[in-house]
Amino acid sequence: MSKFTFARSALLLTSAFGALALGGAAHAQEAGADAGQLDEIVVTAERRSENLQKVPVSVGVVQGDALRNLTAGGGDILELAARVPGLYAETTTGRIFPRFYIRGLGNIDFYLGASQPVSIIQDDVVLEHVVLKSNPVFDVNQVEVLRGPQGSLFGRNTTAGIIKFDTIRPSMDWEGRAQASYGSYNTVTFDGGIGGPIVADKLAFRVSALYQHRDDWVDNVYEGPSADGTVAPKKDAMGGYNEKDLRLQLLMTPTENVSMLTSVHARDYDGTSTIFHRAGLTKGSNSVSGEPRSKIALDEAMNNPQAYKTYGASENIAIDMGPVTLTSITAYETTSGYSRGDTDGGAGADYPVAGVANGFGQSQGNVRDLDQLTQEVRLASNGDSAFKWQVGGMYFDSRDTTDFYQRAYFLTGTANNPNNWVRLRNKNESWGLFGQASYEVVPGLTITAGGRYTKDTKETRLVRATANAAGVSTYAGRRYVKLTGKEPSWDVSALYEVSPEVSLYARVARGFRGPTIQGRSAVFNSDFTTADSETIMSYEGGIKTNLLGNRLRFNLSGFAWKVKDIQLNGNDVNGNGVLFNADAAKAYGLEADLEARPFDNLTLSAGLSLLHSEINDKNVYAQVCTLNGVVVCTVEDPTVTNARGVFAQIDGNPLPNAPKYTANIAARYDVPLGNGGKLFASTDWNIQGYTNFVLYKTKEFYSKGDFEGGLKIGYTAPDGKYEIAAFARNITGEKNMKGVIENYMAPVFNEPRIIGLSLSGKL
């Protein structure tokens, strides 16, 4: 039986049993006053609190409880992948480096300074650096995924869209919630928050915390010599982690018209970087059955450790001046840490060529220090008049010192080269002026237009070049690069309320992503690579409905976009990332979200995304999977060979990590009890269509028909005071490929099956 057939059967079976899991695109909420109706979903996609159905933007929503159900097995924000139509997420650098894609547009670059076209915003603070984007989301109220360019209101580098996380704010009433779970591999998760008034109606607080732990569970079965002293074989050598996070918020309301929200947070994380399985693939096949997920043979890198500490603070001040509200958001973030990995995913001695060991690789990236400062000021009209407006400005400043170490640095004996590392100093400064206005032209028809002008400057300086063991450097490339981009972004939309239950909308938007510098290549004595600014034109339209007496919510959108001078990332002969521009890329598709409560105790949700993407440039080529001069995979595109290697023509290929389709379905069924409590069963499933992981097409580096499912069965006390349940994530134990190191044919796998118990409650 194929994976797809099995998945389809499982979905039909779980639907027939009326099980429900909160995992769909716009996840079902607890019933309101009328248990038969769906609750209203309020979003801030346009920096105002508005009904989801009245916003002329394609927005996917995940409620906090739904996200916590997905992460009960120890998962992180990557669990959002395929749960929101149009959103995909993955990593090849562990939990500290997630990469996001919206409508097929993202960036596969693993460089610590990589720019991404998807912006992450937590509590109105933009998180730009890839490590900051990994900040855990806990005690969260709601997640909003804004699909398409959002440059008018949300700042820089938003050509693909925005993922917006809003945590639970302090209240002048005592409130608290917590969820704890325990599962396979000694996986422990605690996510909670509590707060209330300090001074009645004047000062309130909320303390939130996250703790996640998993034991090491992957055995290193390598037997043989190690060039850097890695001890193997070793049982339970890697795969675990410890995540500890704390946040304190203080809300001060000295008058009815002034609010001041102060937030500070800290993160302490250590764990395992991404594990690459070199024995997981064989040439000519896409099967990943070659190596168990729980075993690997690594001869180097000390079992892939990584660790980071992050601290941050923000001040959000809002002053209601009657006709208008003035808002100021000041934020500071800092982080430092490292990640080390055996990048070849195996032992070179196990992969000989002509009797000689072939393919050794390990590296380490250190963020010595990173400081990000942001300041936003916004003035917005108040009230529900026909004309609404807002204007503002934003300043962004990010600076970091980052080191990269290559294999010889770690080796012992005569092979050791203590000078095989580089240090880079990076600076990114950006400012923008923006505004938006909307006007209800006639009853039911609202036109909205907005724009932003952005100047984005990046600088990279090579502070220390690599050298040989004697201290002699042969680096001849650039030691300083500065790039600047200046571009407008804008959008125009129209929303027409056909009736209280049905709305139509259309939107045209232009977005901009500034130039990018790739400095890590200096560790291989290669010059920096760069990519010029890219711009996007996006077109979309759709229908939003709320039918059957608020028992059915169905939203459908169609879109098309084209990026000019798209920034792409390939590899050189060392497997190092290389930046370049292609003439264009384009895509079209549709997204659908559905929630339904056909009867009081059954809630269903579903999401669907269909996507066609392609690169358009007949003269652009990407280097293929080459190891020591040998092409190790099966390339299906036309190739050319020159002194630099073998290159594939990528014109017409889909963008990497852009699934042709994703589908999810979720259901929950409640059985009321006489004491006011209820028994429940819930399940969620998602399926992912053809997804290419690299720029060129091969017989190996893609996934197709992968799926995962979850199950939860339990008891909820009267008024939802507490819940106890048994759960399973990846219940079928599917081993799906999520990425690959090309030159080593080393795939990355999804999370293992986790079975456990959870307990949650609220004040």
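Nothing in this text is a laboratory measurement; each read-out follows from the coordinates by a stated rule. Just so you know, these numbers come straight off a predicted model, no measurement behind them. In this analysis, Cβ positions are derived from the backbone assuming ideal geometry, glycine residues included, and neighbour counts consider all displayed protein chains.
Projecting the Cα atoms of 656, 498, 477 onto the charge dipole of the chain (Cβ charges, centred on the Cα centre) puts 477 farthest toward the positive pole. Phi angles of the range 557-567 translate, via the Karplus equation with coefficients 6.51, -1.76, 1.60 and θ = phi - 60°, into HN-Hα couplings of 9, x, 8, 8, 9, 9, 9, 8, 6, 4, 7 Hz per residue; Gly and Pro are given as x.
Label sites at residue 256 and residue 198, each approximated as a point 7 angstrom past Cα along Cα to Cβ, lie 2.5 nm apart.
Within the range 626-717, the chymotrypsin sites (Phe, Trp or Tyr not before Pro) that combine a DSSP coil assignment with at most 15 other C-beta atoms in a 10 angstrom radius are 690. Coupling constants for the range 538-550 follow from the phi torsions by the Karplus curve (6.51 cos²θ - 1.76 cosθ + 1.60, θ = phi - 60°), and in residue order they are 10, 10, 8, x, x, 10, 10, 9, 9, 10, 6, x, 6 Hz; glycine and proline get x. Taken one residue at a time, the phi angles of the range 165-172 give Karplus couplings (6.51, -1.76, 1.60, θ = phi - 60°) of 9, 10, 7, 6, 8, x, 10, 7 Hz. Gly and Pro are set to x. Across every pair of non-identical alpha carbons in the range 654-763, the mean reciprocal distance, once inverted, gives a Kirkwood radius of 16.4 Å. Neighbours of residue 365, meaning other residues whose beta-carbon lies under 12 angstrom from its beta-carbon, give a summed charge of +2 when Lys and Arg score +1 and Asp and Glu score -1. Loop-located GluC sites (Glu not before Pro) in the range 434-535 (DSSP state not H, G, I, E or B) with no more than 16 neighbouring Cβ atoms inside 10 Å: 501.
Starting from the Cα coordinates of the chain, work out the convex hull volume and express it per residue in Å³.
Residue-normalised Cα hull volume stands at 147 Å³.
Compared with the dominant Cα axis of the chain, that is its longest principal axis, helix 3-16 is turned about 20°. Work out the P(r) tail for the range 207-278: percent of alpha carbon pairs separated by more than 17 Å, whole number. The share of Cα pairs beyond 17 Å in the range 207-278 comes to 65 percent. Neighbours of residue 184, meaning other residues whose beta-carbon lies under 14 angstrom from its beta-carbon, give a summed charge of 0 when Lys and Arg score +1 and Asp and Glu score -1. The mean of 1/r over all pairs of different alpha-carbon atoms in the range 390-518, once inverted, gives a Kirkwood hydrodynamic radius of 19.1 Å.
The Kirkwood radius of the range 223-374, taken over pairs of alpha-carbon atoms, gives through the Stokes-Einstein law at 37 °C and 0.692 mPa s a diffusion coefficient of 169 µm² s⁻¹.
Over all orientations, the range 346-412 has a Cα convex hull whose mean projected area works out to 10.3 square nanometres.
Each principal axis of the Cα cloud of the range 441-495 was taken in turn, and the coordinate range along them, longest first, works out to 78, 18, 13 Å.
What's the Kirkwood radius of the range 619-696 in Å, using all Cα pairs?
Result for the range 619-696 stands at 16.6 Å.
Output needed: percent of Cα pairs per 5 Å distance bin for the range 233-319, bins running from 0 to the one holding the longest distance. Percent of pairs per bin, in order: 3, 11, 14, 12, 10, 9, 8, 7, 7, 6, 5, 4, 3, 0. When the Cα convex hull of the range 180-244 is projected onto planes of every orientation, the mean area is 6.7 nm². Its Cα gyration tensor gives the range 568-629 an equivalent ellipsoid. The semi-axes, each the square root of 5 times an eigenvalue, are 43, 17, 8 Å from largest down.
When the C-alpha to C-alpha distance is required to be over 28 Å, the pairs from 388/564; 133/455; 309/458 that qualify are 388/564. The orientation-averaged projected area of the convex hull spanned by the Cα atoms of the range 601-662 comes to 6.5 nm².
Along the charge dipole of the range 255-398, pointing to its positive end and built from +1/-1 on Cβ of Lys, Arg, Asp and Glu, which listed residue (265, 328, 380) has its Cα farthest out? With unit charges placed on the Cβ atoms, the residue in question is 265. By the beta-carbon count within 10 Å of each Cβ, the least crowded to most crowded order of 612, 213, fewest first, is 612, 213. Among 599, 110, 559, the order by Cβ neighbours within 10 angstrom, fewest to most, reads 599, 559, 110.
About the Cα centre, and with charges only on the beta carbon of Lys, Arg (+1) and Asp, Glu (-1), how big is the dipole of the range 54-151? Nearest 20 debye, please.
280 debye
If you place +1 on the Cβ of every Lys and Arg, -1 on the Cβ of every Asp and Glu, and leave all else neutral, what size is the dipole of the range 658-763 about its Cα centre, to the nearest 20 Debye?
Magnitude of the dipole: close to 80 debye.
Normalised by 2.2 N^0.38 Å, where N counts its residues, the alpha-carbon radius of gyration of the range 317-385 equals 2.42.
Calculated mean residue ellipticity at 222 nm for the chain: -1000 deg cm²/dmol, from DSSP H runs with n ≥ 4 weighted as -39500 (n - 2.57), summed, divided by the residue count and rounded to 500. Tell me, what is the Rg over Rh of the range 60-190, with Rh the Kirkwood radius over Cα pairs? Checking Rg against Rh, the ratio lands at 0.97. Each Lys and Arg adds +1 at its Cβ and each Asp and Glu adds -1 at its Cβ; summed about the Cα centre, the chain shows a dipole of about 1040 debye. Amide hydrogen proximity for residue 341: with H placed 1.01 Å from N in the peptide plane, the residues at 5 or more positions away or on another chain lying under 5 Å are 363. Remark on residue 571: its backbone amide H falls under 5 Å from those of 578, 623, a criterion applied only to residues 5 or more positions apart or on other chains, H modelled at 1.01 Å from N.
Computed over every Cα-Cα pair of the range 514-571 and binned at 5 Å starting from 0, the pair-distance distribution P(r) comes out as 4, 13, 14, 12, 10, 9, 8, 8, 7, 6, 5, 3, 1, 0 percent. Residue exposure proxy: 190, 154, ordered by other Cβ atoms within 10 angstrom of their Cβ from fewest to most, comes out as 190, 154. A straight Cα-to-Cα reach below 20 Å connects residue 712 with the lysines 678, 721, 762, residues fewer than 8 places away in its own chain not being considered.
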